[in-house]
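To start, the structure itself, in structure tokens.
Bear in mind that the values in this text are calculations on the coordinates, not laboratory data. These numbers were taken from a predicted model, which means no experiment stands behind them. Note that we place each Cβ from the backbone using ideal geometry, even for glycine, and neighbour counts take in every protein chain shown.
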Ligand SMILES: NC(=O)C1=CN([C@@H]2O[C@H](COP(=O)(O)OP(=O)(O)OC[C@H]3O[C@@H](n4cnc5c(N)ncnc54)[C@H](O)[C@@H]3O)[C@@H](O)[C@H]2O)C=CC1
Ligand SMILES: O=C(O)C(=O)Cc1ccc(O)cc1
């Protein structure tokens, strides 16, 4: 029989988890101080509300600054239950739990590396965790049963489990999640006062780099606050790189170009190397897909026709991006496929009248 899981905090992550666990056959109870959040999560089929039975596992999916207190409360209220939280920072919460005097052997921190730039139950997705990493963060007194219970939840919603200590987790997410959020926010902030004609030139590059700038500032303020030491470390490195680029460009602007091109090229090439290390789904090695661009007329049914033609050619689409400038009569679809499919795809689409480019 599947475990009875109580989810405390039914926003984006709690509701997504509730839906995924319900679909996997778990009995899910939902709790949130906000009645609207509870009701919405229930209506989205994330679980039952107003449940009093003792859970086997409690998942705290509340904002980071209240997670520690909510974990301690759950450990005390349900003396048999395993308790985890999904907060984006782990050391501050672990410290709070250990210093509370509650039975910390039943606590194991965790962190699904999956989310969205929107908050709240309305943004929940049943497949949010599918193929994503889910970090489990045991500590010295965590018992094996607790680790196993959280591991089952993560794998049953399709995530790939990684295990690491809290400090290692916080250092890693500073680099792969918190710095990217700050970078996106800082780049997007620069657009606020840009004249309209300049903003109007924005293309896919800017969209790619700033997607997560739309994230919830209240949540992210807490995340950055909770991971200050690790973030300072990665930001100091960024500061050094930025200073190096500024110095090179200042030299060019002052007519002293020698050495500057080398510096710029080194920074950009280092970016290529780092980008190539980003893993694909299920932690697979970076996928070496190739991109075919297809011009799409701005008329009803164009995309459906394109998908039908790709499907008829028996080609699997690995990824898809659309670019569509406002007021333009055409857009471009970027189709990612494995290298072996590029030629047949180009041939099929050209044969069916599409304007294609590699
Ligand atoms: N948003 C994201 O992309 C990701 C977020 N996380 C973590 O998941 C947790 C939840 O984040 P989201 O679902 O995005 O936030 P959210 O804002 O969508 O939902 C948070 C929910 O917690 C409730 N809440 C507030 N105070 C509470 C308390 N004292 N006890 C119980 N519930 C309380 C709120 O009413 C709200 O429904 C955070 O700790 C965050 O760090 C982890 C991975 C990704
Ligand atoms: O939107 C994305 O691409 C994310 O990666 C979201 C995310 C946000 C916060 C986390 O702690 C983990 C993942």
### FRET efficiency, residue 304 to residue 347 (Cβ-Cβ, R0 25 Å, nearest 0.05)
0.75
### Query
In whole angstrom, and with the biggest value first, how far do the Cα coordinates of region 211-358 range along each principal axis?
52, 44, 37
### Relative contact order computed over the chain (Cα-Cα under 8 Å; 6+ residues apart), in percent
12 percent
### Query
For labels at residue 355 and residue 119 in the simple 7 Å Cα→Cβ model, what's the distance in nm?
4.4 nm
### Task
Find how many whole Å separate the alpha carbon centroid of region 193-218 from the alpha carbon centroid of region 127-180.
31 Å
### Query
Where does helix 260-275 land angle-wise versus the long Cα axis of the chain, in degrees 0 to 90, nearest 10?
50 degrees
### Task
Note the per residue figure in Å³ for the convex hull of the C-alpha positions in region 290-357.
75 Å³
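For the pair residue 145 and residue 51, what calculated FRET efficiency results from E = 1/(1 + (r/R0)^6), where r is the Cβ-Cβ distance and R0 = 35 Å, to the nearest 0.05?
Efficiency for this residue pair is about 0.95.
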### Value at 222 nm in deg cm²/dmol, rounded to 500, when DSSP H runs of n ≥ 4 in the chain each add -39,500 (n - 2.57)
-14000 deg cm²/dmol
### Message
At 20 °C and a viscosity of 1.002 mPa s, what translational diffusion coefficient does Stokes-Einstein give for region 116-252, taking Rh as the Kirkwood radius over Cα pairs? Give it in µm²/s as a whole number.
### Response
119 µm²/s
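Taking N as the number of residues in region 31-84, what is its alpha-carbon radius of gyration divided by 2.2 N^0.38 Å?
1.16
Give me the number: length gained by fully extending residue 237 to residue 295, i.e. 0.36 nm times residue separation minus the C-alpha to C-alpha distance, one decimal in nm.
Numbers: separation 58, 0.36 × 58 = 20.88 nm, distance 4.08 nm.
Extra length available between residue 237 and residue 295 comes to 16.8 nm.
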### Message
For region 1-60, take every pair of Cα atoms, bin their distances at 10 Å starting from 0, and report each bin as a whole percent.
### Response
28, 61, 10, 0
### Task
Evaluate the distance, in nm, between pseudo-label points positioned 7 Å from the Cα of residue 207 and of residue 247 along their respective Cα→Cβ axes.
3.8 nm
### Query
If you bin the C-alpha pair distances of region 4-164 every 10 Å from 0, what whole percents do you get?
12, 46, 36, 6
### Message
If neighbour count is taken as other Cβ atoms inside 10 Å, put 139, 357 in order from fewest to most.
### Response
357, 139
### Message
As I understand it, the value is the acute angle between the Cα axis of helix 228-253 and the longest principal axis of the Cα atoms of the chain; what does it come to in degrees, rounded to 10?
### Response
10 degrees
### Query
DSSP beta bridges in the chain, what fraction antiparallel, as a percent rounded to 5?
50 percent
### Task
Would you mind giving the three semi-axes, in whole Å and largest first, of the ellipsoid equivalent to region 171-275 according to its Cα gyration tensor?
27, 21, 13
### Message
Could you work out how much longer the chain between residue 76 and residue 155 gets when fully extended? Use 0.36 nm per residue separation minus the Cα distance between them, nm to one decimal.
### Response
25.8 nm
### Summary
Taking 79-86, 223-230, 335-342 and ranking on average Cβ neighbours within 10 Å, highest first, one gets 79-86, 223-230, 335-342
### Residues residue 267 and residue 319, FRET efficiency given R0 of 22 Å [Cβ-Cβ distance, rounded to 0.05]
0.25
## Note on the structure
Distance in nm between residue 193 and residue 2 label points, each 7 Å along Cα→Cβ, equals 5.3 nm
### Message
On C-alpha positions alone, give me the angle between the axis of helix 302-312 and the longest principal axis of the chain, in degrees, nearest 10.
### Response
80 degrees
### Task
Quickly rank 272-278, 8-14 as a protection proxy: mean count of other C-beta atoms within 10 Å, highest first.
8-14, 272-278
### Query
Extent of the chain along each principal axis, from alpha carbon coordinates, in Å, largest to smallest?
65, 56, 39
